[in-house]
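See below for the structure under consideration.
Laboratory data are not the source of any read-out in this text; all were calculated from the coordinates shown. Since this is a predicted model, take the numbers as computed values, not measurements. Quick reminder, even Gly has a Cβ in these numbers, built from the backbone with ideal geometry, and neighbours come from all protein chains shown.
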Amino acid sequence: MRAIELAALTGKQYEALRLVYFDDLSQTQAGAALGITQQAVDYAINAAVNKIVDIYYYWASHGEGYGTTKGAI
């Protein structure tokens, strides 16, 4: 959860991510809840994931216990 907190997600990105991955809604259901299209939910989730990935890459590049190669622990 720390990476999500540090990723500076927009409200819409956070809510789309929460509804789909934590509340287990489909993207269509999440879109209805947010008043946006399924495509907008998909875009928000992809943007959020990219920001979170950037946090993990930062941690890995600074030796903070995260590897960037497949199978790294």
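At-a-glance table
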quantity: Global form of region 2-61, assessed from the alpha-carbon gyration tensor, a/c cut-off 1.5; calculated: prolate
quantity: Mean separation of Cα contacts under 8 Å (6+ apart) over length of region 2-61, as relative contact order %; calculated: 43 percent
quantity: Candidates A47, A16, A60, ranked by Gaussian network fluctuation over the chain, Cα under 10 Å, top entry; calculated: A60
quantity: Extension reserve of the Y56-A8 stretch, reckoned as 0.36 nm per residue once the Cα distance is removed; calculated: 15.9 nm
quantity: Cβ-based net charge around A16, under 11 Å, with every Lys or Arg adding one and every Asp or Glu removing one; calculated: -1
quantity: Max mean-square fluctuation residue, GNM over the chain, Cα-Cα springs under 10 Å, options G35, G63, G11; calculated: G63
quantity: Charge sum, other residues only, whose C-beta stays under 15 Å from V41's C-beta, Lys/Arg counted +1 and Asp/Glu -1; calculated: -2
quantity: Rounded to 10°, Cα long-axis angle of helix 38-61 versus longest principal axis of the chain; calculated: 10 degrees
